[in-house]
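What follows is a set of notes on a single structure, which appears directly below.
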Amino acid sequence: MKLKFIFLSLLLVIAGVSNAQVKFEAKLSKSKLGINERLRVNFEMNQDGDNFTPPSFKGFTVVGGPNQSISNSWRNGKRSYSKSFSYFLSPTKKGKFSIGQATIQIDGQTYKTLPVKVEVTAAVDKPKDGNNADYVASENLHLVAEVSNTNPYLNQAITVVYKLYASPKIQISNLRELDNPKYSDFWSQSVKIGQLKVERGTYKGEPYNFVVCGKTVLYPQKTGKLAIEPLTLSIAVDVPTNRRDFFGGRMYTTVNKTVAAGTRTINVKPLPSTGRPADFTGAVGSFNFKVIPSKTSLDATESLDTKVIVSGNGNLKLFDLPKLTVPNGLEQYEPEHKEGVRTTLRGMSGNISDTYTLVPQFKGTYPIPPISFSYFDLKTETYKTITSQEIVIDVKNGPDNTTIAPVTTNGGTLKQAVVQTGNQFRFLKLNANLAPITKTHFFKSTEYWVALTTPLLAIPLLLFFGKKRKERLNDVSGNRVRKADKLARKYLSEAKKNLGDQKEFYIAMERALHNYLKAKLNIQTSDMSKDRIQRLLEEKEVASPTVTEFIALLESCEFARYTPSSTSAMQQDYEKASSVIAAIDKQL
């Protein structure tokens, strides 16, 4: 009998321990789904917790949540409690993924869920139900990539314009890029489009509204068939339902859709080999070519600039300028390259130039031979060559190069020795205006006495602040209040950072209000019903208007999950939360 009693006691103890054990786990609605389906993830716990942090959801886009639910019931004298955070996810690509660990704090301890595996397969058949919001959005939303030329020459500009078509039956909002094309076989330049503008158009013969959501100029760098990667967007779509509101207006349901422009293929033609000049460096377009000296008459050791410039329309950044050659007696420096190029939907236009600095060393006449520039003209589909004029530089004053012995280099080329004229050290400053350094002694100076007495004066201050710190650490209740107040201010600051993002703003503000109540009223999150909060605040002799405003803030946080809100409304709620918390502090 004794053994039986001991055995039953042990079973009761084990059962009690197991009932008190914290459970925190992640549950999936399905472990395998198509890329066009949705996944629901629930993070469930059997005890109340705070500071819940979700995983990153790599490979998915969050299209709904977090939605919080709490269940608190009593059965046969035993309390049963559960709390969950739910997210709705849309996969971004096929493959096998892992939902990472979520964390939460329960009674000062941090708990984590175990990672769970998900497999995303190819798209599955959708129900063609006219009342299905997801299907209606798919049938009335299209992203199209319009290519200006599908059969260009190598280095010929083409444009890609991305247009999002939406039927008047639906409304779109919150458009953002998920996957931006890389254009690996092209030189690319995006064209700014500014604010999105809704325009009228047609799609497959039906009237549609559309917005231009991207413009890109491409210069193909390879010949043959090249693929233009698709642009992928995530869009919130408002689909009308059969329900009506109180005033008779049609109600809408919001679904999140991922749309992509199909991959476009272009066939790039090589430039013709017939008639190609020997000095051709890849210029394609319509150009002008000039060689311009800054002056043609000067003295020896003076400098002049000679600019080699190409202007016009074409692939200005993708070819080399011809090199300037000068006769002996002109010292030539490395050129300074400049680009004045702008890119529009027509391609690159403007000019590029190389500026050479030339310095003559001797008196005489120096002819700079003409140079040529070749390019492929797209209008005539032929090669054209432009040759500059010969430039004659007249050096009037300076040493005569016939009096200077030539110098033979290792390559056998004759060059004239450089003759320096004038004062070669005229740039050196000879009068330095030096001043004597006065010696100062640290011993018995003002700095010496300050450094000596400061530590002695600081001792009483250290003792005073140490005593105050000890008293503050021993104040357990006060520390708990200060910690919760600090957390409330932290969440209010997070709410301010998220102004404009409705969901994140109201989640942060609701956390701030709850943590403030935990500090001031000493209640837990699970006990925070509006009636109980109102009763406790009134017992603390808080004014009725202040209590009403606080309850209204909590209701705003709840309603914001289901109804849209403007940025100005969020700003008003934030200012109201700050003023209400300050008012309650004064009255408590």
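Would you please list the contacts, defined by Cβ atoms under 8 Å and residues six or more apart or on different chains, that run from a residue in the range 198-210 that is within 11 Å of Asn140 (Cα to Cα) to a residue that is open to solvent by 70 Å² or more (accessible area, probe 1.4 Å) and of a type in the set (Ser, Thr, Tyr)?
Here the result reads Tyr208/Thr202, each pair linking the range 198-210 to a residue that is open to solvent by 70 Å² or more (accessible area, probe 1.4 Å) and of a type in the set (Ser, Thr, Tyr).
Of all strands (runs of 3 or more DSSP E) completely enclosed by the range 74-186, which ones contain at least 2 residues that are under 30 Å from Ser56 (Cα atoms), open to solvent by less than 70 Å² (accessible area, probe 1.4 Å) and in contact (Cβ under 8 Å) with a residue 60 or more places away in the chain?
Working: elements: 78-91, 95-99, 103-106, 109-112, 116-121, 141-147, 158-166, 171-179.
Qualifying strands (runs of 3 or more DSSP E): 78-91, 103-106, 116-121, 141-147, 158-166, 171-179.
Restricting to the range 211-260, what's the tally of residues that are open to solvent by 70 Å² or more (accessible area, probe 1.4 Å), without any contact (Cβ under 8 Å) to a residue 24 or more places away in the chain and either touching a Phe, Trp or Tyr at 6+ places or on another chain (Cβ under 8 Å) or outside any strand (DSSP E or B) (or both)?
So the count comes out to 2.
Pick from the range 262-299 the residues that are open to solvent by less than 10 Å² (accessible area, probe 1.4 Å) and aliphatic (A, V, I, L, M): which of them is nearest to Glu336 (Cα to Cα)?
Per the stated criteria, the residue is Ala283.
Among the residues of the range 358-368, is there at least one that is surrounded by 14 or more Cβ atoms within 10 Å (Cβ to Cβ), at pLDDT 95 or above and among the small types (Gly, Ala, Ser)? Give the steps one after another, and end with the answer.
Filtering the range 358-368 for residues surrounded by 14 or more Cβ atoms within 10 Å (Cβ to Cβ) gives 358-364, 366, 368.
Subset that is at pLDDT 95 or above: none.
No: the range 358-368 contains no residue that is surrounded by 14 or more Cβ atoms within 10 Å (Cβ to Cβ), at pLDDT 95 or above and among the small types (Gly, Ala, Ser).
Within the range 344-374, how many residues are within 18 Å of Phe319 (Cα to Cα) and either not in a strand (DSSP E or B) or not aromatic (Phe, Trp, Tyr) (or both)?
The qualifying residues number 12.
Considering only the range 521-531, I want to know if a residue exists there that is modelled with pLDDT of 75 or more, in contact with an Asp or Glu (Cβ under 7 Å, 6 or more places away or on another chain) and not in a helix (DSSP H, G or I).
No, the range 521-531 has no match at all.
How about the range 304-331: which of its residues are more than 37 Å from the chain's Cα centre (by Cα), buried (at least 16 other Cβ atoms within 10 Å of the Cβ) and in a strand (DSSP E or B)?
Leu304, Thr306, Lys307, Val308, Ile309, Leu330
Consider only pairs whose beta carbons are under 8 Å apart and that are at least six residues apart or on different chains; among these, list those whose first residue lies in the range 504-522 and is over 17 Å from Ile551 (Cβ atoms) and whose second residue is of a type in the set (Val, Ile, Thr).
Ala519/Val481
What are the residues in the range 532-573 that are at pLDDT 75 or above and part of a loop (DSSP other than H, G, I, E, B), if any?
Passing the criteria: Lys540, Glu541, Val542, Ala543.
Could you list, in sequence order, all residues of the range 40-73 that are at pLDDT 85 or above, assigned to a strand (DSSP E or B), within 30 Å of Val259 (Cα to Cα) and open to solvent by less than 40 Å² (accessible area, probe 1.4 Å)?
Val41, Asn42, Phe43, Phe60, Thr61
Which condition from (1) modelled with pLDDT of 85 or more; (2) of a type in the set (D, E, K, R); (3) in contact with a helix residue (DSSP H, G or I) (Cβ under 6 Å, 6 or more places away or on another chain) is the one that Asp129 breaks?
(1)
Only one residue in Asp400, Asp377 is touching a Lys or Arg at 6+ places or on another chain (Cβ under 6 Å), surrounded by fewer than 17 Cβ atoms within 10 Å (Cβ to Cβ) and more than 30 Å from Lys317 (Cβ to Cβ). Which one?
Checking each option against the conditions leaves just Asp400.
The values are calculated or read from the model by the stated rules, or taken from the named source; none is laboratory data. Because the structure is predicted, anything quoted here is derived from the model rather than measured. Neighbour counts are summed over all protein chains in view; Cβ atoms, including those assigned to glycine, are modelled from backbone coordinates with ideal geometry. Ligands, DNA and RNA are stripped out before the accessible areas are found, and what is left, the full protein with its side chains, is counted by its heavy atoms. Shrake-Rupley method; radii C 1.70, N 1.55, O 1.52, S 1.80 Å.
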